[in-house]
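Nothing in this text is a laboratory measurement; each read-out follows from the coordinates by a stated rule. The structure displayed is predicted, hence computed values, not measured ones. We place every Cβ from the backbone using ideal geometry, glycine too, and count neighbours over all the protein chains shown.
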Ligand code: AMP
Ligand code: MN
Ligand code: MN
């Protein structure tokens, strides 16, 4: 796949010249945002660059196996005293990181004088490509794949720790090589990461196989809410707020749940509605074929990819259900 080599060289030069890099992904971290941040962190430190992964939230337990995860900084008091580059990964804008942009740019630091360089590495179609040194390319299945491409361009050694992180990114964003974004290049890149020492056994166990009793409780509750709309073309799942405490889980343990709604034959769009707090509802959308759900997500202030998108609304589940279904039905043209 042809990439803009000059842009990659600019990013490599900015990273290599940095005296301190912060790597940040999106809120409700997934395998791609975390794997890409941690993977690039390993690669940069391998080059002698001082790099730290930061997050506004604690890392979901399921990603506790990723090499380097224990060093993720989740409290601003633990931030390094200096940074001059911030890499915003798997995000269409700084807001998605959960951090304040002026904080990341260190605008209140005399010494930094607002001179912090922002680099945006992302593969979302909805990304306008205006954030700092922006490398946005929706042809990539995962940001982790972009990081591998960057490492190859730079000639950086991909050590096993980085390979495990980047493989996790690529595997999770492609639904373990099942989604439409799984191309021959994706599989070749996955093979390169296995060659580099990615720990496949560990990744499969944590990302696919392990289910805690709490997660299974959540699954049981969620499955009991499955309903169909639009002559079975839309399948909806709901997770009311009370379920989280009943099952002893938080909403970081939701990944993959919507796949059960998408699994039902005839479903063109799957919708998962979950109350993350009373009155705040997160919406996940998945589609089959050429039905673009990112349009629906964007219309509610969210974003994503044509077949996987999401948004968060400050309304109770029932209101969100009505609004989202109306938009979904428009996409499917089924009244
Ligand atoms: P999810 O349903 O949370 O797994 O998200 C599916 C896709 O939509 C991912 O690519 C997310 O990054 C994106 N997405 C989810 N929520 C939002 C949001 N509030 N704003 C922008 N993108 C989102
Ligand atoms: Mn993501
Ligand atoms: Mn991604």
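Footprinting exposure proxy ranking of 122, 199, 319, fewest other C-beta atoms within 10 angstrom first, gives 319, 199, 122. When only alpha carbons are used to place a centre, region 1-19 and region 48-90 end up 21 Å from one another.
Whole number please: convex hull volume per residue, Cα atoms of region 114-241, in Å³.
So the per-residue hull volume is 192 Å³.
By the beta-carbon count within 10 Å of each Cβ, the least crowded to most crowded order of 52, 82, 305, fewest first, is 82, 52, 305. The order of the peptides 61-68, 182-189, 267-274 by mean Cβ neighbours within 10 Å, most packed first, is 267-274, 61-68, 182-189. For the chain, the longest principal axis of the C-alpha atoms and the axis of helix 317-332 are separated by about 90°. Taking the DSSP beta bridges with both ends in the chain, the antiparallel portion is around 45 percent.
Directionally averaged projected area (region 41-110, Cα convex hull): 5.4 nm². For region 1-70, place one equal point scatterer on every Cα, skip the solvent, and apply the Debye formula. What is log10 of I(q)/I(0) at q = 0.15, 0.19, 0.23 Å⁻¹? Debye output, listed in q order: -0.54, -0.80, -1.02. Note on residue 78 and residue 330: with the Förster distance fixed at 51 Å, the Cβ-Cβ geometry gives a FRET efficiency of about 0.65.
Counting only alpha carbon atoms, the long axis of helix 31-46 and the longest principal axis of the chain meet at about 10°. With axes computed from alpha carbons, what is the tilt in degrees of helix 5-16 against the longest principal axis of the chain, rounded to the nearest 10 within 0 to 90? In the chain, helix 5-16 runs at an angle near 70 degrees to the longest axis. Rg/Rh for region 214-332 stands at 0.94; both radii use Cα atoms, and Rh follows the Kirkwood definition.
Working from the Cα coordinates of region 5-208, the gyration tensor eigenvalues give, after taking √(5λ), semi-axes of 25, 18, 16 Å in decreasing order.
Expressed per residue, the C-alpha convex hull volume of region 32-148 stands at 110 Å³.
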